[in-house]
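The values are calculated or read from the model by the stated rules, or taken from the named source; none is laboratory data. None of the values given here were measured: they were computed from a predicted structure. Here the Cβ is made from the backbone with ideal geometry for all residues, glycine too, and neighbour counts use every protein chain on show. These accessible areas exclude ligands, DNA and RNA; they are computed on the full protein's heavy atoms, side chains included. Shrake-Rupley method; radii C 1.70, N 1.55, O 1.52, S 1.80 Å.
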Amino acid sequence: MAQGAITPAADLDGARFRQVMGRFATGVVAITAVEPGTARPTGIAANSFTSVSLDPPLVAFCVAHTSTTWPRLRASDRLCINILGEPQLDVCRRLALKGGDKFEGIDWTETPSGAPAIEGALAWIECSVEQEHVAGDHVIVVARVHALDENHDGRPLVFYRGAYGGIA
């Protein structure tokens, strides 16, 4: 039996929910695109990413309703999901910023359709938005995969208990 106080669902608050869910380690991705109209790269960091289906190839991620970058990413035909490596904490932090040039100091190349693939990422996945589902204070985005590749072996950037790190 688990130790600690059991919190009934009716008594859940955001802090307790975050504390318990923080016990689940996740990888970290950068969702990037070239913004239509400006032709500038932009992106967000996320730790809510998963594969969904092999046939057709689908992935999913979650974005907060409060994101001001998501509408600009959403307007692009193609997105790139960059699987970040342990040395890329600075990239994650840069893309988590509000406003400004999020790509300042971030090196990138283009995927086959021109989306930004971040240099040093473990892998990239080029996709397009297939569906969006409102879920509480987030939207769940399901995206169809069009191209993907591994860049190199390395240790992933991991988010656990409210902090970033690697696998020991």
Quick check on the stretch 115-126. Is at least one of its residues at pLDDT below 95 and either touching a Leu at 6+ places or on another chain (Cβ under 7 Å) or assigned to a strand (DSSP E or B) (or both)?
no
Qualifying positions in the stretch 127-166 - in a loop (DSSP other than H, G, I, E, B) and open to solvent by 80 Å² or more (accessible area, probe 1.4 Å)
Asp137, His152, Asp153, Arg155, Arg161
Matching residues in the stretch 62-87 (touching a Lys or Arg at 6+ places or on another chain (Cβ under 9 Å), open to solvent by less than 40 Å² (accessible area, probe 1.4 Å) and outside any loop (DSSP other than H, G, I, E, B)) number 2
Could you tell me which of the residues Arg155, Arg93, Arg78 is under 14 Å from the mean Cα position of the chain (by Cα) and among the basic types (Lys, Arg)?
Arg93
List pairs: first residue in the stretch 147-168 and on the phi > 0 side of the Ramachandran plot, second residue exposed (fewer than 14 other Cβ atoms within 10 Å of the Cβ) and in a loop (DSSP other than H, G, I, E, B) anywhere in the structure, Cβ distance under 7 angstrom, at least six positions apart or on different chains.
Arg161/Arg23
Hits in the stretch 27-41 - residues which are at pLDDT below 95, over 24 Å from Arg155 (Cα atoms) and part of a strand (DSSP E or B)
Glu35, Arg40
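Every residue, every condition in (1) open to solvent by 80 Å² or more (accessible area, probe 1.4 Å); (2) under 18 Å from Arg93 (Cβ atoms); (3) without any contact (Cβ under 8 Å) to a residue 60 or more places away in the chain; (4) not basic (Lys, Arg), yes or no:
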{"residue": "Leu12", "(1), (2), (3), (4)": "yes, no, yes, yes"}
{"residue": "Val20", "(1), (2), (3), (4)": "no, no, yes, yes"}
{"residue": "Val28", "(1), (2), (3), (4)": "no, yes, no, yes"}
{"residue": "Thr32", "(1), (2), (3), (4)": "no, yes, no, yes"}
{"residue": "Arg40", "(1), (2), (3), (4)": "yes, no, no, no"}
{"residue": "Ala45", "(1), (2), (3), (4)": "no, yes, yes, yes"}
{"residue": "Leu54", "(1), (2), (3), (4)": "yes, no, yes, yes"}
{"residue": "Ala60", "(1), (2), (3), (4)": "no, no, no, yes"}
Going through (1) more than 17 Å from Val29 (Cα to Cα); (2) in a helix (DSSP H, G or I); (3) among the charged types (D, E, K, R) one by one, Asp90 fails only at (1)
